[in-house]
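Enquirer: Following this message is one structure expressed as structure tokens.
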Amino acid sequence: LEQQLQQKKYICLAHIFRNLPESESARVMLPPPTKCCGCSACYAVCPKRAITMKPDAEGFLLPVIDKTLCVNCGQCQKVCPVLHPGQKRMPLAVYAAKAKDDELRMKSSSGGMFTLLAREILKQGGVVYGAGWEKPAWRVVHKSAENEEELDDLRGSKYVQSDMGDTFRVVKKQ
């Protein structure tokens with residue numbers, strides 16, 4: 001019930017925002033910074049590139065809408081997981097797995113399963129995307145791996161927000 005109330009609250013906020021005067025509407029189409037998860041889906045879907053991801057005072061990337069470019073198409077609202085959280089459901093099944101290779105497991109934080117699954121995708125001619133360190137800035141960004149060597153940087157937990165950049169757009173084109 002609480003989740004439904006929260007969802008209704010955001011739907012009501014979205015309705016209010018859509019009916020604000022033109023000068024106010026572009027800056028309030030998305031959730032407030034305290035609710036935004038920083039996923040950058042809004043940035044990726046904007047057909048006018050009116051949204052940029054800017055760091056707040058703590059360095060967390062949040063969307064900023066350029067109201068001179070925004071045409072109020074609503075695409076950013078449609079993809080927002082905060083405005084549209086989806087329905088909770090119980091998993092159909094739960095599985096646990098780990099790599100048999102002890103050395104691989106020691107280099108990993110997923111029991112080595114990321115590497116095993118990624119290798120299979122590469123073997124089939126696919127591309128793997130994940131969070132890796134960008135040096136020398138030492139920030140985490142999403143990037144692709146097209147071979148085994150490039151997987152090394154994607155292994156392991158990062159525990160900070162990853163800059164998605166144009167990842168969604170690039171993947172969609174592939």
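Enquirer: Take the residues of the range 144-164 that are buried (at least 17 other Cβ atoms within 10 Å of the Cβ) and either polar (S, T, N, Q) or closer than 25 Å to Lys54 by Cα (or both): which is nearest to the chain's Cα centre (by Cα)?
Expert: Out of the qualifying residues, it is Met164.
Enquirer: Still on this structure, I have one more. Being within 23 Å of the chain's Cα centre (by Cα) and either without any contact (Cβ under 8 Å) to a residue 12 or more places away in the chain or not in a loop (DSSP other than H, G, I, E, B) (or both) is the filter here, so list the residues in the range 120-135 that pass it.
Expert: Those that are within 23 Å of the chain's Cα centre (by Cα) and either without any contact (Cβ under 8 Å) to a residue 12 or more places away in the chain or not in a loop (DSSP other than H, G, I, E, B) (or both): Ile121, Leu122, Gly126, Val128, Tyr129, Gly130, Ala131, Gly132, Trp133, Glu134, Lys135.
Enquirer: Of all residues in the range 123-139, how many are modelled with pLDDT of 90 or more, out of contact with any helix residue (DSSP H, G or I) (no Cβ under 7 Å at 6 or more places or on another chain) and open to solvent by less than 80 Å² (accessible area, probe 1.4 Å)?
Expert: 4
Enquirer: Mind checking which pairs have a first residue in the range 100-112 that is without any contact (Cβ under 8 Å) to a residue 60 or more places away in the chain and within 18 Å of Tyr159 (Cα to Cα) and a second that is part of a helix (DSSP H, G or I) and of a type in the set (Val, Ile, Thr), Cβ under 7 Å, 6 or more apart or different chains?
Expert: Ser108/Thr115
The values are calculated or read from the model by the stated rules, or taken from the named source; none is laboratory data. Since this is a predicted model, take the numbers as computed values, not measurements. When we count neighbours, we look across all protein chains shown, and the Cβ atoms used for this are built from the backbone with ideal geometry, even at glycine. Keep in mind that these areas ignore ligands, DNA and RNA; they rest on the heavy atoms of the full protein, side chains included. Shrake-Rupley method; radii C 1.70, N 1.55, O 1.52, S 1.80 Å.
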